[in-house]
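Step one of this worksheet: look at the structure below.
The values are calculated or read from the model by the stated rules, or taken from the named source; none is laboratory data. This is a predicted model, so every value here is computed, not measured. In this analysis, Cβ positions are derived from the backbone assuming ideal geometry, glycine residues included, and neighbour counts consider all displayed protein chains.
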């Protein structure tokens, strides 16, 4: 805290670790419906794993499809149905 003239107090609010990690020049910013966010933020909004979306983008998927297409399971249950 920095005190000036005993009347004015300036309080510096520290950003959280997550905010600082997201505020780097290496983050890719994607714009969906005129709203720009980092990939990790979009993944949290769409409730999908970050690595899944990252791999989909590397395979050439567009951002909307990568975020919205359901994840297919690789495992089968006892009736040989995909879980």
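Among all residue pairs at least 6 apart or on different chains, which show Cβ distances below 8 Å where the first residue, located in the range 27-52, is in a loop (DSSP other than H, G, I, E, B) and the second is surrounded by 13 or more Cβ atoms within 10 Å (Cβ to Cβ) and at pLDDT 95 or above?
Close Cβ pairs satisfying both conditions: 48/67.
So if I check each of 76, 37, which one is touching a strand residue (DSSP E or B) at 6+ places or on another chain (Cβ under 7 Å) and either at pLDDT 95 or above or farther than 21 Å from residue 19 by Cβ (or both)?
On the way: 37 fails: either at pLDDT 95 or above or farther than 21 Å from residue 19 by Cβ (or both).
Testing whether each residue is touching a strand residue (DSSP E or B) at 6+ places or on another chain (Cβ under 7 Å) and either at pLDDT 95 or above or farther than 21 Å from residue 19 by Cβ (or both) leaves just 76.
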